[in-house]
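Undergrad: First, the structure itself, so that you have it in front of you.
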4 protein chains.
Amino acid sequence: MSFNTFGHSFRVTTFGESHGAAIGCVIDGCPPRIALTEADIQPYLDRRRPGQSRFTTQRQEADAVKILSGVFVDETSGQQVTTGTPIALVIENVDQRSKDYSDIKDKYRPGHADYTYDVKYGLRDYRGGGRQSARETATRVAAGAIARKIVPGMQLRGALVQIGAERIDRRRWDWAEVERNPFFCPDAQAAARFGDYLEAVRKRGSSVGAVIEIVAEGVPPGLGAPIYGKLDADLAAALMSINAVKGVEIGAGFAAAELPGEENGDEMRIGNEGQPMFLSNNAGGILGGISTGQPLVARFAVKPTSSILTPRRTVDRYGNETEISTTGRHDPCVGIRAVPVGEAMMACVVADHYLRHRGQVGQATAWPFPQPPGKA
Amino acid sequence: MSFNTFGHSFRVTTFGESHGAAIGCVIDGCPPRIALTEADIQPYLDRRRPGQSRFTTQRQEADAVKILSGVFVDETSGQQVTTGTPIALVIENVDQRSKDYSDIKDKYRPGHADYTYDVKYGLRDYRGGGRQSARETATRVAAGAIARKIVPGMQLRGALVQIGAERIDRRRWDWAEVERNPFFCPDAQAAARFGDYLEAVRKRGSSVGAVIEIVAEGVPPGLGAPIYGKLDADLAAALMSINAVKGVEIGAGFAAAELPGEENGDEMRIGNEGQPMFLSNNAGGILGGISTGQPLVARFAVKPTSSILTPRRTVDRYGNETEISTTGRHDPCVGIRAVPVGEAMMACVVADHYLRHRGQVGQATAWPFPQPPGKA
Amino acid sequence: MSFNTFGHSFRVTTFGESHGAAIGCVIDGCPPRIALTEADIQPYLDRRRPGQSRFTTQRQEADAVKILSGVFVDETSGQQVTTGTPIALVIENVDQRSKDYSDIKDKYRPGHADYTYDVKYGLRDYRGGGRQSARETATRVAAGAIARKIVPGMQLRGALVQIGAERIDRRRWDWAEVERNPFFCPDAQAAARFGDYLEAVRKRGSSVGAVIEIVAEGVPPGLGAPIYGKLDADLAAALMSINAVKGVEIGAGFAAAELPGEENGDEMRIGNEGQPMFLSNNAGGILGGISTGQPLVARFAVKPTSSILTPRRTVDRYGNETEISTTGRHDPCVGIRAVPVGEAMMACVVADHYLRHRGQVGQATAWPFPQPPGKA
Amino acid sequence: MSFNTFGHSFRVTTFGESHGAAIGCVIDGCPPRIALTEADIQPYLDRRRPGQSRFTTQRQEADAVKILSGVFVDETSGQQVTTGTPIALVIENVDQRSKDYSDIKDKYRPGHADYTYDVKYGLRDYRGGGRQSARETATRVAAGAIARKIVPGMQLRGALVQIGAERIDRRRWDWAEVERNPFFCPDAQAAARFGDYLEAVRKRGSSVGAVIEIVAEGVPPGLGAPIYGKLDADLAAALMSINAVKGVEIGAGFAAAELPGEENGDEMRIGNEGQPMFLSNNAGGILGGISTGQPLVARFAVKPTSSILTPRRTVDRYGNETEISTTGRHDPCVGIRAVPVGEAMMACVVADHYLRHRGQVGQATAWPFPQPPGKA
């Protein structure tokens, strides 16, 4: 991960500011001959798009993605497929309404990157947050849609498991429920509660954070490039790079610190088709930085939206003390829309490691190993 | 971070297995003319070295570091300094006692990477854990000792804040205490408690995890390369790459999800010398992936040691179900020795970003900015 | 250099096919606060644009560049400047005339990458050469226009010094002449000769190659990251990556193999302002992979255009032997338009190393060094 | 290629100075289960070792390589094999004879990197050339020995084709001859001539350069990662990074600029087993940056040794004009020993691309393609 590119073999470079001409990304290293049209990407963008409920910003973004390069119609199949060359995706910024930025252009919003961009670069595009805006995450979602097509058999889903101090009941987890409420919440009862809770937060000009869980099933064992390209290290960076994320954990995560060793280590048995079976998944599908074949499980914490109505003390770029109160279109909980973004980031990381593993090792190892000669 | 190298401008490549000939690292991109001898590195290795108390493994590792390259005596000062060329460090493995590995060489220890290395690579060096061994972290500590010399004025320290279910009382935090107990614990009362607690854990053949906090003061504002080389993203990867780490958080971390927006966002005032001052540090010193100038604060969770005396169910590499019980030298809490390792990783990440920022931006921006003409 | 990205600190990622929707690039790592509008880039694109004389393809490409991101108007100066975030540039493909590709879509043109793209990826975008088309080089030229603004005081120019078997007379070298003829030729007499020569080549349905020389003056000493990021190694890769290039040399180049040591090594004296002065420049401004402060001099050889009217024997993708003769718009010498491309590549490499050097070393070393104590 | 690492998937990091404790390298990304002991590497080092004839420096370097990590004995085969973890190789510097460096430590040798290292880093290890010494190339040769084992069926050989102004007669090319003379010369008659020629050069206190050709047969088609990771771009960088190299060419190289298009483009027919056959190899086995399946052919020019007995004008680091004459052990033609180094660099580049291609594309494309439906 460096500058605005992430991934080693499946590489994603993003660009664009919230209120510039367009945002987009270039995906490099994608295998050739994968069926791909805008219709494969758009549904994921639509899931992330704001303005879909009263709990997300009312800014209307069409977010129509356009593929500029890297695809061609295969004569044999008649399908449009990837060619192995860079895939450039662009989303125009259509809702750049002319707005009065006189308040935020000089003042730093607490919790925002206004000050840090200013002090690093000596100026910043303050319109809609510029490059710091969560709008950039649309390009990640687009890249993730392509990444999902690379790992055969992988099913990757995300859910919101906590909003503010409100948690789901994991016993009621139902993946089907996730698509039925505006919170990506897998617990129908919690989702009902979340609505009232968040409405109250909004009314008092406040905001709350959230915790999101991403699960990838069907990830083959053996993915990961220890020591510093560990699958969990790359996941941690990928998820931490999402706007407003302050914590990442894998499997049992921070709770593992409290478990005794005999509870934490996942025991093994021989399962179906003679393959190893784990009796629990505290590891979250990763041991030593390499996938075990169990579901990958990662969670990340999103801080509360920093742009709030409640006035806060701050300073301006000319060294004056002042106050700021953010009006306008803002999600009371940016964590909600982080669900499809987290999915996309995990999809990209797994796809990258799938290609890296194939490069270094080639064919998967047949397990179990044959007994060495003279052993039995 | 890729394969066995991390860092973009300050790059560290490590090598070696627990019971091979040697472990070591190559540090590339280090600025020239920094005073450096083995004596600058050895104290950090000594802090990490096992066998220093009954709470860490009794394996005796001299861990004497040797600089093979990248230094030269400067004629003017008479000091040995870095030359700007790669610094290779080697630590010989002196305690490679011939041992009977017949039990673990075919069986997979629950919670260990035995299975994943085997299924990825088709074989593994099982002696002492091979490449997965925490012994590799000695090379990180050595690299960190050099990284500390790069950022002028930085003071970087770590502490253990939780062991198993036992937490420190943050009101009693005393940095001086950290060097006075075998737990790197900043709370003297908690440290006393930890001893008995851990002794009981050991006696019942179990183990526990820990939470470590690393704090870097004196980090200049403006470090970080958003969007994907964010300072916190790189920290997350660096800390997650440490053996047995399952979670990473910055500043308020997971707790930020529960805070209302008006509590979480750190308010600003004008402080000493006209520079910005924050009234709290929930951000952990990072906003938008860029350092704020406040102390960097990161925490990470280490799972309990997987090698325990209590027998566990497992399988062997030939597809048979079996049991395993690990005897021999093992820390009941590997998290303790993770403190100097976490420090080293943060030092390397900050040094890397210090050089990256200097490369892209050059001189730091003078803050506050002059009022534009005709503004006042 | 990897996949479709080059550069370490100043990074350029390009995308697009000859007849797709658009070509473009993303420039990452550019310092902030550099004045930049489309008008800074367009003149360089116009120099490279085909259809400007009878010696380059008549394909009309408006090649109008559009900046999508990474710039903002600085309030103080009123200028549009870079922000330090990724600069995305797009050039739409306006001349995608519907054409009959039935001949080349299945047949491999000798000297072209038709076969290799097909065998690597299993398909290729054959329209106008797809990704292999020299059209991609427009994006390099655009990136180079930005790179030129990074190194203070650098003057970087290119010239065509040989076309087919015809060479310039170096004694008549006049940089002003380069912009006065359609060959970028610094020798007026040679340029006159080249016209007739090339006309004859074209008339017999043939093509020829060329040799281009790029010279950068004002490059500070000390740039280059040995051993594997040597300035000349990066230049060699950058120039060799240009379409149809088959050879690269620095300074005296291949001729250096024939020189005796006492002629080749450039002697030194003390010159103006007490700085070192070289009495010749066989090194081409680079010693040990690091710039000397003398002009950087690189040359590269471009093979003759592969798409020619003369029929050639070939095979098709279905395994049949056949013949091919390329009609349509093609430069008899693609080397001519390679001049601005070569300039752009050297500009990008030098800019990258300028930032890398500043990152690792910071301020330039003051030379000469003070005499050590007790020496004189 | 960056700093002291090269390669993307097969990565080599080297370290060490001529007269430091040791030189060495770390090879990362090597596939697991490749048989490897020191005996696989040592013969290549022995070929490169100086002191083997009167035409190379008499410095005696045992150059005994030691593998520190990354290998393990596979129980099934009983063989020592790679494990997929980093392979660290070390060669101790045994011949660090205490010497008087008083002359060269302050003076810059014309043609050497003395000045550029000094001005870049502010100091340099002047003993034996320090990091600039050709001694570093021993580590490349060691890495190359491992790289050779990665590409199945590849046969890679190098030869010296020109020394000073003396060229071989390519019609007498005999690979077997290369190992029979001290020049790696494939033309027996030329080799005889070279001896007298070089003896005269040495006697007059001079030196000469050389041109080396490297040929890799059995490289599968499809390797190369266009646009900026082209196989020839990576080869150019790799060869140009070798000490004293000033030019690189592929296939017909600079001569291609003079060829008419109908001679340069290699025609194709269907050959054995229905695979494409080229009727010439001006492309040097690479089209569009991707291997064609023909032999890879690269040449590079080495400048004459800069350390010569003949006195030259120069300056010292304190700003004084002076003269220098280099006595002591030096090859009159460093190009001779560059033959095994060039082989190693090409081997590493091809191995890297072999793994990269396998990562992105997986199985090789079956050629020819099936006729699409309804086509025939």
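The values are calculated or read from the model by the stated rules, or taken from the named source; none is laboratory data. For clarity, every value in this text was computed on a predicted model and none was experimentally measured. Cβ atoms come from the backbone with ideal geometry, glycine included; neighbour counts cover every protein chain shown. Each accessible area value is taken on the protein alone, full model and side chains, heavy atoms only, with ligands, DNA and RNA left out. Shrake-Rupley method; radii C 1.70, N 1.55, O 1.52, S 1.80 Å.
Undergrad: From the list C:ILE163, C:ILE150, C:ILE168, which one is among the β-branched types (Val, Ile, Thr) and out of contact with any Phe, Trp or Tyr (no Cβ under 8 Å at 6 or more places or on another chain)?
TA: Among C:ILE163, C:ILE150, C:ILE168, only C:ILE168 is among the β-branched types (Val, Ile, Thr) and out of contact with any Phe, Trp or Tyr (no Cβ under 8 Å at 6 or more places or on another chain).
Undergrad: Moving to a separate point now. Of all the residues that make up the stretch A:250-296, how many are within 19 Å of B:PRO332 (Cβ to Cβ) and in contact with a His (Cβ under 7 Å, 6 or more places away or on another chain)?
TA: The qualifying residues number 0.
Undergrad: Can you tell me which residues in the stretch C:227-263 are under 27 Å from D:THR14 (Cα atoms) and more than 7 Å from chain D (Cβ to nearest Cβ)?
TA: Answer for the stretch C:227-263, where residues must be under 27 Å from D:THR14 (Cα atoms) and more than 7 Å from chain D (Cβ to nearest Cβ): C:LEU231, C:LEU235, C:ALA238, C:LEU239.
Undergrad: Condition first: open to solvent by less than 20 Å² (accessible area, probe 1.4 Å) and within 14 Å of chain C (Cβ to nearest Cβ). Now tell me which residues in the stretch D:186-214 satisfy that.
TA: D:PHE194, D:LEU198, D:VAL201, D:GLY205, D:SER206, D:SER207, D:VAL208, D:GLY209, D:ALA210, D:VAL211, D:ILE212, D:GLU213
Undergrad: Output the residues belonging to the stretch D:283-305 that are assigned to a loop (DSSP other than H, G, I, E, B) and surrounded by 24 or more Cβ atoms within 10 Å (Cβ to Cβ).
TA: Scanning the stretch D:283-305 gives D:ALA283, D:GLY284, D:GLY285, D:GLY288, D:GLY289, D:THR292, D:LYS303, D:PRO304, D:THR305.
Undergrad: Among the residues of the stretch A:328-342, is there at least one that is within 13 Å of chain D (Cβ to nearest Cβ) and either among the basic types (Lys, Arg) or surrounded by 20 or more Cβ atoms within 10 Å (Cβ to Cβ) (or both)?
TA: no
Undergrad: Here's a follow-up. Please enumerate the residues belonging to the stretch B:215-224 that are open to solvent by 10 Å² or more (accessible area, probe 1.4 Å) and in contact with a helix residue (DSSP H, G or I) (Cβ under 9 Å, 6 or more places away or on another chain).
TA: B:VAL215, B:PRO220, B:PRO221
Undergrad: Kindly list, by first and then second residue, each pair from a residue in the stretch C:253-278 that is small (Gly, Ala, Ser) to a residue that is open to solvent by 60 Å² or more (accessible area, probe 1.4 Å), limited to pairs with Cβ atoms under 7 Å and residues at least 6 apart or on different chains.
TA: C:GLY271/C:MET277
Undergrad: Could I ask something else about it? Scan the stretch B:337-361 residue by residue and report those that are out of contact with any Lys or Arg (no Cβ under 6 Å at 6 or more places or on another chain) and among the small types (Gly, Ala, Ser).
TA: Once the filter is applied, which keeps residues that are out of contact with any Lys or Arg (no Cβ under 6 Å at 6 or more places or on another chain) and among the small types (Gly, Ala, Ser), the stretch B:337-361 yields B:ALA338, B:GLY342, B:ALA351.
Undergrad: Is at least one residue of the stretch B:84-95 modelled with pLDDT under 85 and either assigned to a loop (DSSP other than H, G, I, E, B) or closer than 16 Å to B:LYS149 by Cα (or both)?
TA: For the stretch B:84-95, residues modelled with pLDDT under 85 and either assigned to a loop (DSSP other than H, G, I, E, B) or closer than 16 Å to B:LYS149 by Cα (or both): present.
Undergrad: I would also like to ask the following. In the set B:ASP40, B:ASP46, which member is at pLDDT 95 or above and acidic (Asp, Glu)?
TA: The conditions single out B:ASP40.
Undergrad: Only residues that are facing chain B (nearest Cβ under 7 Å), part of a loop (DSSP other than H, G, I, E, B) and among the hydroxyl-bearing types (Ser, Thr, Tyr): list them for the stretch A:306-322, please.
TA: Result: A:SER306, A:THR310, A:TYR318.
Undergrad: In the stretch B:238-271, which residue that is touching a Pro at 6+ places or on another chain (Cβ under 6 Å) and not in a loop (DSSP other than H, G, I, E, B) is surrounded by the fewest Cβ atoms within 10 Å (Cβ to Cβ)?
TA: Applying the filter and picking the extreme gives B:MET268.
Conditions (1) in contact with a helix residue (DSSP H, G or I) (Cβ under 7 Å, 6 or more places away or on another chain); (2) touching a residue at least 24 places away in the same chain (Cβ under 8 Å); (3) assigned to a helix (DSSP H, G or I), marked per residue:
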{"residue": "C:SER102", "(1), (2), (3)": "no, no, no"}
{"residue": "C:LYS120", "(1), (2), (3)": "yes, no, yes"}
{"residue": "C:GLY129", "(1), (2), (3)": "no, yes, yes"}
{"residue": "C:ALA138", "(1), (2), (3)": "yes, yes, yes"}
{"residue": "C:ALA142", "(1), (2), (3)": "yes, yes, yes"}
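Undergrad: Would you point out which residue out of A:ILE163, A:ILE168 is of a type in the set (Val, Ile, Thr), closer than 15 Å to A:GLU213 by Cα and more than 10 Å from every other protein chain (Cβ to nearest Cβ)?
TA: A:ILE168
Undergrad: Another question, if that's okay. I'm told A:THR37 meets every condition in (1) more than 7 Å from chain C (Cβ to nearest Cβ); (2) within 22 Å of B:GLY289 (Cα to Cα) except one. Can you identify the failing condition by its number?
TA: Here A:THR37 clears every test but (2).
Undergrad: While we're here: Spot the failing condition for A:ASP266; the list is (1) at the interface with chain B (Cβ under 7 Å from one of its Cβ atoms); (2) more than 30 Å from B:LEU309 (Cβ to Cβ), and only one is missed.
TA: (2)
Undergrad: Determine, yes or no, whether D:SER18 is open to solvent by less than 10 Å² (accessible area, probe 1.4 Å), small (Gly, Ala, Ser) and at pLDDT below 95.
TA: yes
Undergrad: On to the next question. Across the stretch C:64-88, what is the total count of residues that are more than 21 Å from C:VAL141 (Cα to Cα), open to solvent by 40 Å² or more (accessible area, probe 1.4 Å) and of a type in the set (D, E, K, R)?
TA: Result for the stretch C:64-88: 1.
Undergrad: Working only within the stretch B:133-155, note down all residues that are open to solvent by 10 Å² or more (accessible area, probe 1.4 Å) and either on the phi > 0 side of the Ramachandran plot or modelled with pLDDT of 95 or more (or both).
TA: B:ARG148, B:LYS149, B:ILE150, B:PRO152, B:GLY153, B:MET154, B:GLN155 - these are the residues of the stretch B:133-155 that are open to solvent by 10 Å² or more (accessible area, probe 1.4 Å) and either on the phi > 0 side of the Ramachandran plot or modelled with pLDDT of 95 or more (or both).
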